[in-house]
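The values are calculated or read from the model by the stated rules, or taken from the named source; none is laboratory data. These figures come from a predicted structure and were not determined experimentally. Reconstructed Cβ throughout: ideal geometry from the backbone, glycine too, with neighbour counts over all protein chains shown.
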Amino acid sequence: MKIIKFRFLFLSFLLFQLPFNAQTSADSLSTRGHFNNNKFKQLKDELATPNSFRTASGAPGRDYYQQKVDYVMDIELDDENKKIYGEEEITYLNNSPDDLSYLWIQLDQNIRKKDAPALEKNGEGAEPILRVETFVNTFFKEPFDGGFNIDWVKGPNGVPLKYIINMTMMRVDLPQPLKSGDQFNFSIKWWYNINNHIENRARSGYEYFPKDDNRAYVIAQFFPRLAVYNDVEGWQNHQFWGNGEFALNFGDYTVRLTVPADHVVEATGQLQNPKDVLSREELKRYRQAQTSFDKPVIIVSEETAIAREKSFSKKKKTWEFKAQNVRDFGFATSRKFIWEMMAVKLGGKNVMAVSLYPKEGNPLWEEYSTKAVVQTLKTYSHHTFDYPYPKAVSVHAKNQGMEYPMICWNYGRPDQDGSYSDAVKFGMISVIIHEIGHNFFPMIVNSDERQWGWMDEGLDTFMQYLAEQEFGKTHPASIEGLEKYPSRRGEPKAIVNYMSGDQSFIAPIMSNPENVFQLGPNAYGKPATALNILRETVMGRNLFDHAFKTYAQRWMFKHPTPADFFRTMEDASAVDLDWFWRGWFYTTDFVDIGVKGVKQFFVSDQPSKEVLEMLKNYGMTQADLPPVVYTMVEDNDDFKSDYKSGTPVDHSQALKSYIDQNSIDSKSSIKIPKNFYEIIFEKPGGLVMPLIVDYTYSDGSSERVKYPVQVWRKNDNEMKKVVVTDKEIIRIEVDPDKETADIDHSNNSWPKMEEMSEFDQFKAKMKD
């Protein structure tokens with residue numbers, strides 16, 4: 001098949017080679033102007049101006065800086081009274097060029113104060129259906145009071161510092177401005193009541209097990225943390241309302257965790273005193289696991305955990321952890337925990353893949369948790385950078401899915417008899433991959449979750465899709481009976497329902513997570529799908545993978561913005577993607593591209609009435625023309641049936657003379673086709689996309705042609721393509737593999753295919 005890149009040769013000749021004699025009409029002069037609404041308009045106005053901090057290429061600039069914050073903490077968990085006590089010493093290093101007269105500290109636990117404004121943030125009426133626990137907790141119980149109680153804030157010499165608390169933010173006033181390059185040491189003492197995370201669907205807290213009267217704790221956002229100060233917005237001063245997560249600084253942590261002596265603890269960082277907290281046998285297994293690459297080593301067995309459930313020790317143990325260059329700290333502790341780990345070789349070093357779970361998680365967790373951790377580390381490292389931390393921990397917690405550096409909590413609980421459905425199994429594997437994957441985005445590539453939820457959730461969900469597919473290939477028994485791993489997000493078809501939904505409840509991806517209607521599709525599903533389409537359809541895997549890895553490596557352990565991501569993806573690929581970012585990320589437009597019509601045209605020995613009228617308008621006759629070829633479609637009034645016979649040369653003396661007069665060498669390269677088609681493609685949807693078309697011919701063969709997205713640059717509604725072939729086209733199909741998230745496939749075929757109704761589909765299935 002030959003693609004003709006012009007509509008009519010003679011028209012081009014007329015317009016560009018001969019004098020233009022037509023007069024500009026008065027009507028055209030009175031037509032109002034308009035702004036540039038072209039889909040291919042660059043993003044110059046939307047993106048921040050490049051500077052010495054952040055370059056036009058998307059890389060950190062020569063003056064890029066970020067603050068460093070180190071913590072030394074003593075934490076005690078009071079299991080009997082469900083309280084946590086802490087005292088932290090903070091070292092704040094001012095790497096900015098600015099002098100700072102105060103510091104802002106995030107008090108995220110204050111969202112759980114009984115009078116927190118966040119409890120009243122939604123303007124909603126009575127719901128027609130509610131979870132039982134939600135109904136009881138909302139209408140029957142007094143609000144839980146779980147906010148911070150600040151005992152004191154002291155400076156370097158124990159001198160009290162002035163501070164003021166505004167909801168979830170605390171301003172600490174400095175005795176004198178902190179100069180650029182200087183550091184400031186201060187300390188805070190605090191405590192709060194630990195919440196039941198099952199009752200209030202919180203990110204951290206405890207789960208109570210009534211059968212054995214025990215609790216399992218997953219503790220995070222549990223200490224006052226310095227807000228980010230950067231070149232983009234100064235102090236991060238968005239309050240914590242619940243959905244927008246965290247903007248945090250990198251630093252070093254030394255944390256001493258005091259818990260009941262019969263508890264097992266995992267946390268961010270490396271355990272410093274295993275000899276003090278582990279039994280002789282546990283220590284032996286712990287060391288054995290460091291070089292076990294084929295299967296996990298169980299440090300604390302299920303039998304041991306069951307025995308400890310009955311102990312309720314009154315003694316205490318202190319577990320000490322150290323972590324370098326992390327942005328946060330979390331930990332899990334319980335006497336119910338089973339503990340296993342194995343080593344993974346990444347970048348020439350051993351990384352520990354760890355799982356922590358109560359007996360209620362088995363047999364599912366023993367079978368799949370650590371496997372999922374290992375797969376995540378391998379897939380993500382391949383596409384970004386070698387995982388730099390010493391371990392990655394997956395902790396079982398009912399109804400959870402939450403991430404922190406080196407540690408995360410994940411749901412997936414079998415029934416009481418140990419049975420589980422595929423939905424539970426794949427849901428668990430997927431959430432483990434997702435939350436472990438968050439170590440890369442945003443724990444290392446440290447975007448501002450408070451402002452741009454999609455930069456961590458969307459990028460992570462995209463990578464989750466790749467890791468899930470690899471998991472299915474690596475562990476085929478886990479997907480027995482399925483062609484591939486059943487990913488819930490990432491494939492174009494999965495986002496169609498959302499993008500075709502009620503526009504009143506859809507927000508652009510470039511929205512603050514607090515302001516969207518459907519956070520899951522907006523921050524997770526749609527950006528993941530967009531990146532998958534970029535990789536598979538727009539850029540191709542080689543270009544995309546290089547650009548994506550470049551972004552990850554440029555911004556690891558730094559604070560990127562959306563502009564840094566957009567610019568890097570273009571900079572490292574030489575692909576102009578402004579049209580894609582604008583459409584997919586800044587609007588709520590959707591994809592809908594189809595075939596509007598097909599016309600077959602033929603070579604004619606006489607001009608059509610359209611051509612004669614054009615010549616008349618230009619004050620010309622046929623005699624004024626150079627040798628030309630006339631074409632005519634079948635529905636022209638002056639069409640002759642014999643135009644269908646023979647070859648185009650038989651119906652044009654000018655064409656025949658041209659071929660005859662050319663050299664033998666030229667003639668040998670000329671092939672005379674039989675069929676000429678003008679195909680009209682329409683775009684009812686707002687998004688421009690590459691046009692993928694399957695042409696099927698009368699002999700049963702087919703051919704796929706991919707037209708670049710630029711075909712829409714001059715007409716956003718429809719465009720035409722001329723196809724020349726020896727074979728008769730009997731079928732045309734747009735987006736045959738459904739890879740563009742097209743919301744309506746009823747217009748994707750020519751001739752138009754009759755779609756079966758849902759009822760007819762049901763009847764057909766019943767017959768089978």
Exercise for the section: Go through (1) outside the structural domain of Glu87 (by TED's automatic domain parsing); (2) without any contact (Cβ under 8 Å) to a residue 12 or more places away in the chain; (3) among the β-branched types (Val, Ile, Thr) one by one and return the number of the condition Val259 breaks. Expected result: (2)
Fill in the blank from the handout: Of (1) basic (Lys, Arg); (2) more than 28 Å from Asp99 (Cα to Cα); (3) crowded, with 16+ Cβ neighbours inside 10 Å, Arg171 satisfies every one except (2)
Practice task
Could you look through the range 508-547, keep only residues that are surrounded by fewer than 19 Cβ atoms within 10 Å (Cβ to Cβ) and among the small types (Gly, Ala, Ser), and pick out the one that is farthest from Asp589 (Cα to Cα)?
Solution key: Gly540
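Conditions tested, residue by residue: (1) in contact with an Asp or Glu (Cβ under 9 Å, 6 or more places away or on another chain); (2) without any contact (Cβ under 8 Å) to a residue 24 or more places away in the chain; (3) of a type in the set (D, E, K, R).
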{"residue": "Met689", "(1), (2), (3)": "yes, no, no"}
{"residue": "Ser698", "(1), (2), (3)": "yes, no, no"}
{"residue": "Ser701", "(1), (2), (3)": "no, no, no"}
{"residue": "Arg704", "(1), (2), (3)": "yes, no, yes"}
{"residue": "Val723", "(1), (2), (3)": "yes, no, no"}
{"residue": "Val734", "(1), (2), (3)": "yes, no, no"}
Problem - Filter result for Glu207 (closer than 27 Å to Lys121 by Cα and either in a strand (DSSP E or B) or of a type in the set (A, V, I, L, M) (or both)) - result: yes
Exercise for the section: Among the residues of the range 407-435, write down those that are among the charged types (D, E, K, R) and either surrounded by fewer than 24 Cβ atoms within 10 Å (Cβ to Cβ) or not in a helix (DSSP H, G or I) (or both). Expected result: Arg413, Asp415, Asp417, Asp422, Lys425
Practice task
Could you tell me whether the range 239-259 includes any residue that is within 24 Å of Gly147 (Cα to Cα), touching a Leu at 6+ places or on another chain (Cβ under 9 Å) and at pLDDT below 95?
Solution key: yes
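Taking the residues in the range 371-422 that are among the polar types (S, T, N, Q) and in contact with a strand residue (DSSP E or B) (Cβ under 9 Å, 6 or more places away or on another chain) as candidates, determine which candidate is nearest to Asp328 (Cα to Cα).
Pass one, the range 371-422, residues among the polar types (S, T, N, Q): 375-376, 379, 381, 384, 394, 399-400, 410, 416, 419, 421.
Then drop every residue that is not in contact with a strand residue (DSSP E or B) (Cβ under 9 Å, 6 or more places away or on another chain), which leaves 376, 381, 384, 394, 399-400, 410.
Numbers: Thr376: 21, Ser381: 21, Thr384: 21, Ser394: 16, Asn399: 22, Gln400: 18, Asn410: 18 Å.
Per the stated criteria, the residue is Ser394.
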Practice task
For residues that are loosely packed, with under 10 Cβ neighbours inside 10 Å and part of a helix (DSSP H, G or I), tally how many sit in the range 131-167.
Solution key: 2
Exercise for the section: Could you check, for the range 575-590, whether at least one of its residues is farther than 30 Å from Gly244 by Cα and surrounded by fewer than 22 Cβ atoms within 10 Å (Cβ to Cβ)? Expected result: yes
